[in-house]
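The values are calculated or read from the model by the stated rules, or taken from the named source; none is laboratory data. Since the model is a prediction, treat every value here as computed from it, not as a measurement. Note that we place each Cβ from the backbone using ideal geometry, even for glycine, and neighbour counts take in every protein chain shown. Areas reflect the complete protein model, heavy atoms only, side chains present, ligands, DNA and RNA absent. Shrake-Rupley method; radii C 1.70, N 1.55, O 1.52, S 1.80 Å.
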Amino acid sequence: MSTLINKLKQVEKKAWIPETTEGDGSNLASKFSGIPFLSKNESYPICQNCNKPMQLFVQLNLSELPQEFQTSVGINKGLLQMFYCLSDDPICEVECEAYFPFSKSTLLRIIEPTNDGRSDIDVSKFYPAMTIFSWNEIADYPNIEEMNEMGLSFTDEEESELYESLNPASGDKLGGYPSWVQGVEYPNCPKCDEKMQLIFQIDSEINLPYMFGDSGCGHITQCKEHKEVLAFGWACY
Ligand SMILES: [Zn+2]
Ligand SMILES: [Zn+2]
């Protein structure tokens, strides 16, 4: 028992669960859906496949995230935005294989606002906004497969104990370890081929009224070195 705890301690990471409230905050707020910050004179992001406006899934104000997270991933300024095309004619999610990273029907970027941004954006046809007002810190651990990849091994007894645990945390969260539905699927950075790190997990129908396939779970990842390289992928049962 104590050895299992010791093994887990070696890989423990903090993660943060967003606490949200219905309604939209400012265009600089961390949020699900709602009005994204768009620079003055910038047009609303459209899908590269169907040319229709994309749904904002999440915007994170990186300067307002927990300091320990900022330090661990090395980002502390700008806005991270993720847009996703929900068109069903054509079905961009399928045509563009949006479950895989770097799909052309998703847009991920970090921007640094230099003006007040546009005030004329109509998001009435999109999902209702959920604004993030605080972050609940938790301890998070990888799943068994990922711990095996990290060089940890377990007895059968330890494994059954781990299967009953709720790690890694499901639901929406910042940092920590991905709750993989299929295998361990960190993308590699196209620039340096290094494994990318988890920034944010978006689960089905928690804060965003969207289901990834059959109750799937999605992950925003970033290259540790190339901060502009961001990816989103999801998997389901
Ligand atoms: Zn599209
Ligand atoms: Zn890289």
**Request:** With only alpha-carbon atoms counted, please give the Rg and Dmax of the stretch 151-233, in Å.
**Result:** 14.5, 43
**Message:** Given a 1.4 angstrom probe, I'd like the percentage of the accessible area of the stretch 2-235 that is carbon and sulfur, rounded to a whole number.
**Reply:** 47
**Request:** Could you pull out every residue, at least 5 positions away or on a different chain, whose amide H is within less than 5 Å of the one on PHE102? Hs are placed 1.01 Å off N in the peptide plane, and Pro or chain starts have none.
**Result:** PHE232
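With the other protein chains left in place, how much accessible area per residue, in square angstrom, belongs to the chain at a 1.4 angstrom probe?
49
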**Message:** For the ranges 115-122, 207-214, 170-177, 87-94, what's the packing order if you count other beta-carbon atoms within 10 Å of each residue, average per peptide, and put the highest first?
**Reply:** 170-177, 207-214, 87-94, 115-122
**Request:** Could you grab the relative contact order for the stretch 1-130? Cα pairs under 8 Å, six or more apart, rounded to a whole percent.
**Result:** 31
**Complete:** Tilt, helix 2-11 to longest principal axis of the chain (alpha-carbon atoms), in degrees rounded to tens, equals 30
**Prompt:** Expressed in nm to one decimal, what extension gain is obtained for the pair LEU28 and GLU228 from 0.36 nm per residue of sequence separation less their Cα-Cα distance?
**Reply:** 70.1 nm
**Prompt:** When the chain is treated as a GNM, springs tying every alpha-carbon pair under 10 Å, which of TRP135, TRP16, TRP180 comes out with the largest mean-square fluctuation?
**Reply:** TRP135
**Request:** Scan around GLY117 for amide H atoms under 5 Å from its own, H built in the peptide plane at 1.01 Å from N, and keep only partners 5 or more places away or cross-chain.
**Result:** LYS40
**Prompt:** Per-residue HN-Hα couplings for the stretch 230-237, Karplus 6.51 cos²θ - 1.76 cosθ + 1.60 at θ = phi - 60°, whole Hz, x for Gly and Pro?
**Reply:** 10, 9, 9, x, 9, 9, 9, 6
**Request:** Tell me, rounded to the nearest percent, the portion of alpha carbon pairs in the chain spaced more than 35 Å apart.
**Result:** 13
**Asked** So which aspartates and glutamates pass the test for LYS14, namely a Cα distance under 12 Å, with those fewer than 8 places away in the same chain ruled out?
**Response** GLU68, GLU137, ASP140
